[in-house]
Every structure is written in structure tokens, then in C-alpha cells.
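Participant: Here it is, the structure, as C-alpha cells.
Bear in mind these aren't lab numbers, they're just calculated from the coordinates by the rules spelled out. Predicted model only: the values in this text are computed from it and were never measured. As a convention, Cβ positions derive from the backbone with ideal geometry for all residues, glycine included, and neighbour counts pool all protein chains shown.
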Ligand SMILES: NC(=O)c1ccc[n+]([C@@H]2O[C@H](COP(=O)([O-])OP(=O)(O)OC[C@H]3O[C@@H](n4cnc5c(N)ncnc54)[C@H](O)[C@@H]3O)[C@@H](O)[C@H]2O)c1
């Protein structure tokens, strides 16, 4: 935000004032407070970014919306459906724009993956050497797409606040909302109809989400991994092809004649390696860490190193939406649906059951709109 040409930062707020001061110093923000109402009451403020723990999104959004401020809210939008409904009502009643930072839908690599998948589904291309027993029509369930999302993470990096049931709620609500939202964006206009989850709602888990057209997403989230290898891998299988995205830096397409690999630049990288792609990413990471004496957290602050997960593009799209009075790129309904799906996944784990996603639940009539 501090680098965005159309934004000027005025306030940094944290109930722990020393953190607000540190952020203000780092990003060149003139005013500091420990009371978010000081910002809500400031007539010069147009947009409030919320990056607190999850449980205070609702009171801040209700106050900000009432004061006519637009809101950029960190994910998850809320911890439960009832809170999310109240957020929807506040935003719609006061006609402000809200964007939830579910940024993966804006990642260039995932936008390219979706485009390639749509092209393959619309007009399938196959290699001449494709193995087929005999020419025959597809059975109905052979005609679907599967999206596999593999997450590996290192749980020792999690603050306990993220696992606290009152402030964080665990990794499904805190993190997997990203990939639940991504699957809904990927398969839209299909809607999610059924969810099955297993494992621990707090740490490692799996989720299977089925869509109205028969397509589906499986997420596997392991907390037993390492920061020394990329966290996110996406693999789409459809119409006798496999399309994959390796950690936002490289896409590969198999079974589609002529489809070349694509590489994507990192959002932040200041080292010497000029190549792009997955192998180059691993070399860049090694270059950065091999002689490091400080921890990764400090390194992040001193030299940002980040693949393009869509953060900048989502912020930019939201700023344009405000300036041009256009729809938010990830609005309160998207925030509600990802919250609700996470909540249903947790219930599915607790009940050890597959659960329906009723259509009336994800198309709510709130604030006179749906
Ligand atoms: N979209 C993404 O890709 C992405 C990435 C990382 C983190 N996040 C989200 O960012 C948020 C913050 O994560 P974090 O790791 O920095 O958490 P954190 O717990 O380190 O920081 C949260 C801060 O909020 C402050 N806070 C709590 N209540 C407040 C209030 N009423 N007013 C002002 N400040 C208050 C706390 O004092 C704390 O400093 C989380 O919601 C997380 O899910 C999103």
C-alpha cells in the first residue's frame, strides 16, 4: 500500500502501540494510534485496511461502514457465518465497498492456469500418441475436471493466536479460506454443493469440495513441512490433460500438443539471478538463505522476497473499483462463502460426515440485496 501511486497512508493503528509505531516508521506513516475509532472518525480517510486478528473484523467493519469508509479486510472475513452475515449487512446498508484479501484469484500464474483449462475444456487438444483402448464416448463422470491443491507448511511458524479458537480458529478458517475461495473462483459459475473434510481443523487436514457441474477440488494441507520448499502446488486434470502451477512461478501443460511452459516474475526479488521459473526460484531461495545468519522473519523485513500470489493486483483492482465505482474484485459475498465453506469443513471433520452446501445459504438476501 505504501508504494501504490494512488494511495497515501495516514494512520497506523495497533492496540499494542509499539507495533503501530514500528509499522509507521517502516512504511513512512505520519499518524499513530491504538484506537481504530480515531481513524474511523477522520474525514480525510477513504479506505481502512484491517489486518488484525479475525475476531475484531466485525466491530471495525461495522464502525467503518457506518462512517462511509471503504474497507480492505484480511482473510478470513469472519470466523463464522453469523458474523459474516452482519458484515454483509453493514457493507450493503451503508453502500461502501469491501474487498477481502483472498488474493490467489489474482495471481498471474493461476489466471493463466484457468485460461488454459477453459481453452482445453472448450476445444480439447490431444497428442497424436495419446493411449486409448478404443474410440468411445466419455462416460458422464469422465467429463469432469479435478483441481488438486497441495499445501505444505511448517507449523512451528504459527503464532498461537492463529490457533486460538477465539482469535484465530486454526488453519482451515485462517488459511484454507484462500483455496476454498480459489476453487469457487476457478469453477464459477458452478457453485459448491457438497463438502467432505478430514484430519484436524486446527492443523493438518484435507478438504474435498464438489461443484454443481460435477467438477471438484481436493486440498491437502500438511503442517509437517518446511519453508525450504515451496508451499503451494496446483494441478488441474481435465479432458485427458494435466495443467500444473508450481508455486506461482511456472506453469506446465501436459497432454496438450504445442502448449509451452510459462514462467512468471516474482513480486519481490533483489538478488542476482535473472532466470525465471521453478528451478530458478529454488536457486534464488538458496542464494538468499545459504549464508544467512538472521532468521527468515528478519530477512523478510529487511529484503522482501515474494512470489506473485496476487496481493498487488488485488489491491490495485480494489483501488480502481473505488475510484471508478465498479464492483469489488473480491466482495462481501466471496468473503461470506469462503468463511461458510471453512465452517462447514470444520463441522464435517467434527461429525465425520459429508455435508451439503445449501444454495439458500450461499445466496443470502441481506441488506435488501443478494
Ligand atoms: N492475505 C494474505 O495472504 C495474508 C497473509 C498473512 C496474513 N494475513 C492475515 O493478516 C492478519 C494478521 O496476521 P498477522 O500474522 O500479522 O497477525 P498478528 O497476530 O501478528 O497481528 C495482528 C495484530 O492485530 C492487533 N490488533 C488486535 N486487535 C486490534 C484492534 N482492536 N485494533 C487494532 N489492532 C488490533 C494485534 O495487537 C496484533 O498486533 C490475519 O487475519 C491473517 O489471516 C493474510
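Participant: What fraction, in whole percent, of alpha-carbon pairs in the stretch 161-320 exceed 27 Å separation?
Facilitator: 37
Participant: While we're here: Would you work out the relative contact order for the stretch 1-153, in percent, from Cα pairs under 8 angstrom that are 6 or more residues apart?
Facilitator: 13
Participant: Here is a further query. Between 331, 252, 103, where does the largest GNM mean-square fluctuation fall for the chain, given springs only between Cα atoms within less than 10 Å?
Facilitator: Judging by the Gaussian network model, the answer is 252.
Participant: Determine the distance separating the Cα centre of the stretch 141-185 from the Cα centre of the stretch 310-356; give it in Å without decimals.
Facilitator: 12
Participant: Arranged from highest to lowest average of other beta-carbon atoms within 10 Å per residue, in what order do the peptides 237-250, 356-369, 20-33 appear? Write out the running numbers ahead of the final one.
Facilitator: On the way: 237-250: 20.6, 356-369: 13.0, 20-33: 14.8.
Ranked by mean Cβ neighbours within 10 Å, highest first: 237-250, 20-33, 356-369.
Participant: Can you work out the FRET efficiency for the pair residue 365 and residue 27, with r the C-beta to C-beta distance and R0 = 45 Å, to the nearest 0.05?
Facilitator: My answer for the efficiency is 0.65.
Participant: Something else about it: Quick one: give the max-minus-min coordinate of the C-alpha atoms of the chain along each principal axis, largest first, in Å.
Facilitator: 71, 55, 42
Participant: A further question follows. For a footprinting-style exposure proxy, rank 143, 14 by other Cβ within 10 Å, fewest first.
Facilitator: 143, 14
Participant: What does the C-alpha gyration tensor say about the overall shape of the stretch 121-176? Classify as rounded when a/c is under 1.5, otherwise prolate if a/b is larger than b/c, or oblate.
Facilitator: Prolate, because a/c is 1.5 or more and a/b exceeds b/c.
Participant: Exposure proxy check: 132, 77 ranked by fewest other beta carbons within 10 Å?
Facilitator: Result, fewest neighbours first: 132, 77.
Participant: With no solvent and one point per C-alpha, what does the Debye sum give as log10 I(q)/I(0) for the stretch 1-142 at q = 0.18, 0.20 Å⁻¹?
Facilitator: The Cα Debye sum returns log10 ratios of -1.09, -1.26.
Participant: Provide 224, 305 in ascending order of the number of other Cβ atoms located within 10 Å of each residue's Cβ, fewest first. The partial results should precede the final answer.
Facilitator: Numbers: 224 10, 305 20.
By the 10 Å Cβ count, ascending, the order reads 224, 305.
Participant: Please report the relative contact order for the stretch 182-272, taking Cα pairs under 8 Å with a sequence separation of at least 6, and give it as a percent rounded to a whole number.
Facilitator: Relative contact order, the stretch 182-272: 14 percent.
Participant: Going by average Cβ neighbours within 10 Å, how do the peptides 172-181, 260-269, 121-130 rank, with the highest at the top?
Facilitator: Most protected by this proxy first, the peptides run 172-181, 260-269, 121-130.
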